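Data first, discussion second: the structure below is written as structure tokens.
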DNA sequence: CGACTTGTTGATGTACATCAAGGTACGTGG
DNA sequence: CCACGTACCTTGATGTACATCAACAAGTCG
């Protein structure tokens, strides 16, 4: 399932040429920061769709930055009920939450094949000690994650089914757009209606019916894994509004 | 509503004698950290119940640590629907989220009279540059906040009304216990059923009915603002389980 | 060998009956 | 007056059941 990438440096992307660096939505690093990150990085990880990268209740020795692919962060109750907290896209950082209790309170599962950048958690301290700007970025990242959860909590707590669906779909589309995974207002979503249902706190059946209602509005289309925004204003209106994300944002 | 405390140092608690320092659930500071914090602190703020300390959509020049009193962090939709994200207790840090977009994405409102420690946001950078241990604490705090939101999201998304109510009430009780606001398994909650409803994503009427069912189970009692845990195991069982919090935890 | 059936599986679509939660209304009590 | 309590009816969401559809593997036949 999980395969460590070929250790030969030739196969690994050097941080200086990291594809994410080209993203205009992500902040630039100084040479000094870049040198540190290059030394901090311990390798790359290739994971197949379906792999559990981090498991609720366990400690992980690693932190990851997503280079490519999609994942979900989710929590499972003892009786099996499941809630997706958020989706994970390229440039997102995962594993930080394990710092709080020493173990993860949620799982992270790959939705598609992924490539991740691996950092050893035990050297996190060096980052804080030597690179306050990166330390600040980590706080920023944790805080952004909190904001997304807050927005999701409002959805699940106070919005009806149609608003919720419109909101997440638009939200995911905009996030994908930021890392240039869209073209012609289309993205390929590697997840199913069941995932959407688990993210929205709804049943599969009701998700399907509501999705059908959304399609009927002609604001968007979702067929064969491809999501297309047909009328961005209409979709934003159905969603109520939409979060903005500051650009450029840090990513480590 | 908001009154800056008397600027005379005699009226302000010196950080070395901060009442929170005595809490065994909070981590100890080194003398060096303490000196920095004492210099970082710009004053104290006394706020009456009902005061809006931070307002969704605005930037705040200050960060706060709660010395005493209760507050809520909440978001309001354009049409007035409201969702409480979390409750704020002594030793909690607020305002950090404003870093992400430059402005707060939620409001913070005092539920009781409060005393807060004030820090100037513009000097936050000095903390990161000179005190990595405190920088780490801030990331930790942001991450803990995220965890609490995640837990709440599971509640609202996947638990039924009775479980939700049992979960928050027990959760708040345990948090209060950690900062010694309880005695004989009782706490004084300064909020109403409407607050609970807004936190749980439920209507007031349904909250009331469910609360009544919870009381009927004899696991807990809530009358005249006083909440009492009668059977902790039973309450934990109704809640499904309960989050743990690492002790000692940082607080700044 | 290739083309065609068949069976399987996972995702999606739809029709009920049922139920948990919402909304309105109108009590009480401090 | 505001918080709480409760009755009544309505509705949005659930659960079960079953149909459809595409992808895929195995086997069959020309």
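Hey, among A:223, A:209, which residue is at pLDDT below 95 and either within 11 Å of DNA strand C (Cβ to nearest atom) or on the phi < 0 side of the Ramachandran plot (or both)?
Result of the check over A:223, A:209: A:223.
Does residue A:184 fit the bill of being modelled with pLDDT of 95 or more and either touching a strand residue (DSSP E or B) at 6+ places or on another chain (Cβ under 7 Å) or not assigned by TED's automatic domain parsing to the domain that holds residue A:27 (or both)?
Here the answer is no, as residue A:184 does not meet what is asked.
Across segment B:38-69, what is the number of residues that are closer than 18 Å to residue B:122 by Cα and assigned to a loop (DSSP other than H, G, I, E, B)?
6
Could you grab me the full set of residues in segment B:103-162 that are within 16 Å of DNA strand C (Cβ to nearest atom), within 7 Å of another protein chain (Cβ to nearest Cβ) and out of contact with any strand residue (DSSP E or B) (no Cβ under 8 Å at 6 or more places or on another chain)?
B:156
On the basis of being surrounded by 15 or more Cβ atoms within 10 Å (Cβ to Cβ) and either in the same structural domain as residue A:173 (by TED's automatic domain parsing) or touching a residue at least 60 places away in the same chain (Cβ under 8 Å) (or both), does residue A:49 make the cut?
Yes.
Rundown of residues vs (1) surrounded by fewer than 20 Cβ atoms within 10 Å (Cβ to Cβ); (2) under 24 Å from residue B:73 (Cβ atoms); (3) in contact (Cβ under 8 Å) with a residue 40 or more places away in the chain, yes/no style:
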position	(1), (2), (3)
B:143	no, yes, no
B:146	no, yes, no
B:153	no, yes, no
B:157	no, yes, no
B:166	no, yes, yes
B:192	yes, yes, no
B:222	yes, yes, yes
B:225	yes, yes, no
B:249	yes, yes, yes
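So for segment A:78-85 (the condition being surrounded by 21 or more Cβ atoms within 10 Å (Cβ to Cβ), under 19 Å from residue A:143 (Cα atoms) and outside the structural domain of residue A:187 (by TED's automatic domain parsing)), does at least one residue qualify?
Looking through segment A:78-85, at least one residue is surrounded by 21 or more Cβ atoms within 10 Å (Cβ to Cβ), under 19 Å from residue A:143 (Cα atoms) and outside the structural domain of residue A:187 (by TED's automatic domain parsing).
Kindly check whether there is at least one residue in segment A:197-211 that is more than 11 Å from DNA strand D (Cβ to nearest atom) and without any contact (Cβ under 8 Å) to a residue 40 or more places away in the chain.
No.
The values are calculated or read from the model by the stated rules, or taken from the named source; none is laboratory data. As the structure is a computational prediction, the values presented were derived from the model and not from experiment. Please note: Cβ atoms are built from the backbone with ideal geometry, for glycine as well, and neighbour counts cover all protein chains shown.
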